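Structure record follows, encoded as C-alpha cells.
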Amino acid sequence: MSGKYKILGVDPGTNVLGYAILEVDHKELKLIDLGVMKLAKLEDHQTKLKEIFLQLQEIIETYLPKYLAIEAPFYGKNVQSMLKLGRAQGVCMAAAMTMGLEITEYSPKKIKQSITGNGNSSKEQVSAMTEHILKTNITTKYLDATDALATAICHYNQLQSPLAGMKSYKGWDAFLKKNPGRLKKF
C-alpha cells in the first residue's frame, strides 16, 4: 500500500486505553499523536464504555485515519478482566465502523513479533523499538500508548507485505476453481 494515509492504533483498556495516530507518506512513518484515555475514576463500566466510544470518535474526526489497528485481548487468569477488555475492544471497533474505518485486529504476540522480531518481548522492549523505528524520542510514561503505536506500526508492516491484499482460499481445490488458468498440465 502506498500513498498517504493514517492508521489509528489502539491498545484497549477500561482503566487506561492507549491510542496513537501514525501517518504514512509512501514509506515514511510519522507519529502524529500519542496518548491515553484515563478512565479509572469513572463511576461504572457502562460510563467507561460510553466515554471510550465518544473520545475515540473525536480522535477519528480530528485525524481522519483510514485504518483502525487494534490489539486483541488475550486470555489470562481473570475471566472478568477478559470480558471487560473485550467490551472495550468492541466499543472501539463500533466507533471506528460508524466512522468508516477499515479494522484489523492483532494478537499481542503478533504485534511484538512485528516490532521486535520476538513475540515474547517485554512492553519496555516494544516501546524502545518503536522509538528506534520512528527515529524519535517518545515521552510518555504509559506503555499503553506505546503499545497502541506498536499496533499501528504492525498494521503498516502488514500492509507492506507482498501478501497483503491477496485472497485466501480453503485449499487447492478452491484456489484452482477461482484461478483455472493457473493449472499447468504436463
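The values are calculated or read from the model by the stated rules, or taken from the named source; none is laboratory data. Keep in mind that what you see is a predicted model, and the values were worked out from it rather than measured. Counting neighbours? That spans all protein chains shown, and the Cβs are built from the backbone with ideal geometry, glycine included. We work out accessible area using only protein heavy atoms, side chains counted, and drop any ligands, DNA or RNA first. Shrake-Rupley method; radii C 1.70, N 1.55, O 1.52, S 1.80 Å.
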For residue 184, counting only aspartates and glutamates whose alpha-carbon sits under 18 Å away and dropping same-chain residues fewer than eight positions off, the answer is 173
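Return the percentage of antiparallel bridges among DSSP beta bridges fully within the chain, rounded to the nearest 5 %. Working shown, then result.
Working: 18 of 27 bridges.
Of those bridges, close to 65 percent are antiparallel.
For the chain, give the magnitude of the charge dipole about the Cα centre (Cβ charges: +1 Lys/Arg, -1 Asp/Glu; no others), in debye to the nearest 20.
Working: 25 positive and 18 negative charges, 212 e Å.
Its charge dipole is roughly 1020 debye.
When a/c is below 1.5 the answer is rounded, else prolate if a/b is larger than b/c, else oblate, so apply that to region 1-157 with a ≥ b ≥ c taken from the square roots of the Cα gyration tensor eigenvalues.
Values: a/c = 1.66, a/b = 1.23, b/c = 1.34.
Since a/c reaches 1.5 but b/c is at least a/b, the shape of region 1-157 is classed as oblate.
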As a quick test, which of the pairs 112/178; 27/177; 50/110 have an alpha carbon distance above 31 angstrom in this structure?
112/178; 27/177
Report the one residue of 171, 161, 47 whose Cα lies farthest in the direction of the positive end of the charge dipole of the chain (charges on C-beta: Lys and Arg +1, Asp and Glu -1; origin at the Cα centre).
171
Distance between Cα centroids, region 93-152 to region 6-24: provide it in whole Å.
8
Heavy-atom accessible area of residue 16 with all protein chains present, probe 1.4 Å, nearest 10 Å²?
40
Accessible-area order (highest first, 1.4 angstrom probe) of the listed residues 112, 48
112, 48
Aspartates and glutamates with Cα under 20 Å of residue 41, excluding same-chain neighbours fewer than 8 positions away:
11, 51, 144
Along the Cα→Cβ direction, 7 angstrom out, place labels at residue 30 and residue 186. What is the inter-label distance in nm?
5.3
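For the chain, what does the helix formula give at 222 nm: sum of -39500 (n - 2.57) over DSSP H segments with n ≥ 4, over the residue count, nearest 500 deg cm²/dmol?
Values: 6 runs with 85 residues, N = 186.
When only DSSP H runs of four or more count, the value is -15000 deg cm²/dmol.
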FRET E, pair residue 79, residue 176, Förster distance 30 Å, beta-carbon r, rounded to 0.05
0.10
Cβ-placed point charges (K, R +1; D, E -1), dipole of region 79-186 about Cα centre in debye, nearest 20
680
Sticking with the crude label model, points 7 Å out along Cα→Cβ, report the distance from residue 123 to residue 40 in nm, one decimal please.
1.1
Can you send over the carbon and sulfur percentage of the accessible area for the chain, probe radius 1.4 Å, protein chains only?
53
Excluding ligands, DNA and RNA, what is the solvent-accessible area per residue of region 1-97 at a probe of 1.4 Å, expressed in Å²?
52
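Which loop GluC sites (Glu not before Pro) in region 28-130, with loop taken from DSSP, have no more than 13 other Cβ atoms within 10 angstrom of their Cβ?
Values: sites: 28, 43, 51, 58, 61, 71, 102, 105, 124; in loops: 43.
Counting only loop positions with at most 13 other Cβ atoms within 10 Å, the GluC sites (Glu not before Pro) in region 28-130 are 43.
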Quick one: length gained pulling residue 104 to residue 66 fully straight, 0.36 nm per residue minus the C-alpha distance?
12.5 nm
